Amino acid sequence: MKRRVLFVLLILAAIAAQADGKLEIFSWWAGDEGPALEALIKQYTTLYPTVQVINSTVTGGSGVNARAVLKTRMLGGDPPDSFQVHAGQELIGTWVVAERMENLTSLFTSEGWKTKFPKGLIDLLSAKGGIWSVPVNIHRSNVMWYNPARLKEWGVTAPKSWDEFLATCKTLQGKGVQAPLSLGENWTQQHLWESVALGVLGPENYAALWTGKLKFTDPRAVKVWETFGKVLEYTNKDAAGLSWQQATDRMVKGESAFNIMGDWAAGYMTTTLKLKPGEGYGWAASPGTAGTFMMLSDSFGLPKGIKNRTAAVNWLKLLGSRQGQDIFNPLKGSIAARLDSDLNKYNAYLQAAAKDWKANKIVGSLVHGAVAPESFMSQFGTVMEIYLGGKNPTAAANAAQAIATQVGIGK
Ligand code: GAL
């Protein structure tokens, strides 16, 4: 009898420990990137006041540093309670195949999410008979930002094709704008590359790169590097030392005319810099990509063996809820992943993005985890270095194809 009472007491204590206790959320949304996540955490602590949320962030755009720290922690048996990861192969090809994640299918069923998110997105999150993370947003990769007042002053408009872009940049240089396109560190160069690839190849051939139907060594794919090289001639020489925010700042200040970056830049310009979309900054699809939406989605998963599972599941429930998504996304510069968000809460840029998301062709981002195995994505930075070192399109194309073959793209 005594043992029974003790057992019940132990269970109660365990439940109590879970209902409060700590919840560690891991992401790369630090500093300037923080406000949307902080708003969501605030809502979480309103709903679960006894849980102490630890907001663990590792600075570095697109998760370049966070992924390495996460790897050490996961392999060391010290997983955070929930972590940010892109929907797609970035999670499935790593921690899902390593059997370190919980299958969230029953959560999707109990929360009614299977019909609340687009089917294509659920497919992206699914593999091996499971659904592996909860999507909080949809970001667009192929956006070109510009400074409307400066463009007017310089007498140019946002170019619609890469040829037009090169001509416009030449004109701008003639007017003393040294670097018409602002650019940042390595991953932002890869980010620019995927926009050039989409513009040069078109959506079908771009998508064919990731199924292996179009080889990187195909002359059409080599042409992407050729165009990319011409575009680079109009960028700032100190790119390698700039974060994505610093590159965006150059355009905002009018030192550069354009910046190609995902729409977290809209979040930064609206939420942090307090600029009004359409006034403080303008936008267009990156050259040659109108009618196509290159998507990516931030999501959170549930690692096995965490300390506070109840609190983590409640976190996922909030992330996937309409309320949670409509708190997070207007500040983040992304649209909701859910189909039923309240668009009145979103600014003019985001309303336009939501419209395109519905009407455009959809392709996935390489750099932000949606289309290629993680092993390809993580080695693409080396391909970029090879290109930047020799400016040889064929060498870069060969290197990309070698990695594609090695990681099994098209098999
Ligand atoms: C992306 C991520 C965005 C944003 C961006 C810059 O990979 O999906 O939410 O954080 O990196 O860091």
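The values are calculated or read from the model by the stated rules, or taken from the named source; none is laboratory data. Predicted, not measured: the structure shown is a model, and the values here were computed from it. Note that we place each Cβ from the backbone using ideal geometry, even for glycine, and neighbour counts take in every protein chain shown.
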>> Name the single residue that is farthest from the chain's Cα centre (by Cα) among those in the range 83-100 being within 16 Å of the ligand (Cβ to nearest atom) and part of a loop (DSSP other than H, G, I, E, B).
In response: G88
> Of the conditions (1) out of contact with any Phe, Trp or Tyr (no Cβ under 8 Å at 6 or more places or on another chain); (2) of a type outside the set (D, E); (3) more than 16 Å from the ligand (Cβ to nearest atom); (4) at pLDDT 95 or above, L350 fails just one. Which one is it?
Replying inline: (3)
> If you go through the range 207-234 one residue at a time, how many are surrounded by fewer than 21 Cβ atoms within 10 Å (Cβ to Cβ) and not in a loop (DSSP other than H, G, I, E, B)?
Replying inline: 12
> Which of the residues that make up the range 283-321 are in the same structural domain as T94 (by TED's automatic domain parsing), over 15 Å from V85 (Cα atoms), among the hydrophobic types (A, V, I, L, M, F, W, C) and out of contact with any Asp or Glu (no Cβ under 8 Å at 6 or more places or on another chain)?
Replying inline: V313, L318
> Here is a list of conditions, (1) in the same structural domain as T109 (by TED's automatic domain parsing); (2) in contact with a strand residue (DSSP E or B) (Cβ under 6 Å, 6 or more places away or on another chain), and L192 meets all of them except one; can you say which number that is?
Replying inline: (1)
> In the range 119-143, how many residues are in contact (Cβ under 8 Å) with a residue 60 or more places away in the chain and either within 25 Å of T310 (Cβ to Cβ) or surrounded by fewer than 24 Cβ atoms within 10 Å (Cβ to Cβ) (or both)?
Replying inline: 9
> Mind checking whether some residue in the range 382-398 is crowded, with 17+ Cβ neighbours inside 10 Å, among the small types (G, A, S), more than 16 Å from the ligand (Cβ to nearest atom) and in contact (Cβ under 8 Å) with a residue 40 or more places away in the chain?
Replying inline: yes
>> Just the residues that are modelled with pLDDT of 95 or more, surrounded by 15 or more Cβ atoms within 10 Å (Cβ to Cβ) and more than 22 Å from A336 (Cα to Cα), please, taken from the range 1-47.
In response: L23, E24
>> Return the pair list, or none, for Cβ contacts closer than 6 Å from residues in the range 93-118 that are more than 12 Å from V313 (Cα to Cα) to residues that are among the aliphatic types (A, V, I, L, M) and assigned to a helix (DSSP H, G or I), at least 6 apart or on different chains.
In response: R100/M74
> Looking at D238, is it charged (D, E, K, R) and within 17 Å of the chain's Cα centre (by Cα)?
Replying inline: no
> Assuming E204 fulfils every condition listed in (1) outside any helix (DSSP H, G or I); (2) farther than 19 Å from A149 by Cα; (3) touching a strand residue (DSSP E or B) at 6+ places or on another chain (Cβ under 9 Å) apart from one, which condition is it?
Replying inline: (1)
> Since L273 meets every condition but one in (1) within 15 Å of the ligand (Cβ to nearest atom); (2) within 27 Å of L183 (Cα to Cα), which condition does it not meet?
Replying inline: (1)
> Where in the range 240-323 are there strands (runs of 3 or more DSSP E), lying fully within it, with 3 or more residues that are over 26 Å from W162 (Cα atoms) and in contact (Cβ under 8 Å) with a residue 60 or more places away in the chain?
Replying inline: 298-301
> Would you pick out the residues in the range 48-82 that are surrounded by 14 or more Cβ atoms within 10 Å (Cβ to Cβ), in a helix (DSSP H, G or I) and not hydroxyl-bearing (S, T, Y)?
Replying inline: G61, G63, A66, R67, V69, L70, R73, M74
